[in-house]
Amino acid sequence: MPLAISSLHDGMRADGVRVRWVAALADVGNHNDTVEIVAAYVMTQESRMMTVYLWRVVAAVALTVLLTSVLGFAVLRRDLMPLTRMSRRGIYAPSRATPRSTRWPTCSSITCATRSPGKASISC
């Protein structure tokens, strides 16, 4: 009897180890006796390899995050150094700054007019 994809099985043993097996029926002997042939493969080596690989990926990601944070801190600190020096020297001191008006201008202070003939003038 030919093997089909449905003959391949995957599961866990009672102790938690993954196992793959294939089962097939075969005719043997002169009396056409049928026997079931089962071949199994215990996947302990593959499970161990995947666990080691998982921990390597986790360690690589953690190291990458750490290095990126340290390098980002160093670059920002270096690039912001001129601003720190300026603030220490007092180049920009809030006591000398002139306050800016944050109010919107009123209609009485805005006059808009076009200089082209034939176009309408806008005025508030």
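The values are calculated or read from the model by the stated rules, or taken from the named source; none is laboratory data. Bear in mind the structure is a predicted one, so any value in this text is a computation, not a measurement. Cβ atoms come from the backbone with ideal geometry, glycine included; neighbour counts cover every protein chain shown.
So which of GLY29, GLY16 ends up being more than 32 Å from the chain's Cα centre (by Cα), of a type outside the set (Lys, Arg) and at pLDDT below 90?
On the way: GLY16 fails: more than 32 Å from the chain's Cα centre (by Cα).
Matching residue, one of GLY29, GLY16: GLY29.
Is it fair to say THR34 is part of a helix (DSSP H, G or I), surrounded by 10 or more Cβ atoms within 10 Å (Cβ to Cβ) and either on the phi < 0 side of the Ramachandran plot or in contact with a Leu (Cβ under 6 Å, 6 or more places away or on another chain) (or both)?
So THR34 does not fit the description; no.
I'd like the full set of residues that are touching a residue at least 24 places away in the same chain (Cβ under 8 Å) and among the acidic types (Asp, Glu), limited to region 1-57. Give the steps one after another, and end with the answer.
Initially, region 1-57 is screened for residues touching a residue at least 24 places away in the same chain (Cβ under 8 Å), giving 1, 13, 17-19, 25-27, 42-44, 46-47.
Listed by number, the residues that qualify are ASP27, GLU46.
Looking only at region 52-104, which residues are at pLDDT 90 or above and hydroxyl-bearing (Ser, Thr, Tyr)?
TYR53, THR64, THR68, SER69, listed by residue number.
Name the residue that is surrounded by the most Cβ atoms within 10 Å (Cβ to Cβ), counting only residues in region 3-31 that are assigned to a loop (DSSP other than H, G, I, E, B) and not aliphatic (A, V, I, L, M).
The extreme case among them is ARG13.
Is region 110-122 home to any residue that is assigned to a helix (DSSP H, G or I) and either exposed (fewer than 10 other Cβ atoms within 10 Å of the Cβ) or modelled with pLDDT of 55 or more (or both)?
Looking through region 110-122, none of the residues is assigned to a helix (DSSP H, G or I) and either exposed (fewer than 10 other Cβ atoms within 10 Å of the Cβ) or modelled with pLDDT of 55 or more (or both).
Just to be sure I understand, how many residues within region 30-81 are closer than 25 Å to ASP15 by Cβ and of a type in the set (A, V, I, L, M, F, W, C)? Steps first, please.
We begin by selecting, within region 30-81, every residue closer than 25 Å to ASP15 by Cβ; these are 36-55.
Then drop every residue that is not of a type in the set (A, V, I, L, M, F, W, C), which leaves 37-40, 42-43, 49-50, 52, 54-55.
Adding up the residues that qualify gives 11.
Does VAL61 satisfy being part of a helix (DSSP H, G or I) and among the aliphatic types (A, V, I, L, M)? Spell out the reasoning first.
On the way: part of a helix (DSSP H, G or I): yes; among the aliphatic types (A, V, I, L, M): yes.
Yes: the conditions hold for VAL61.
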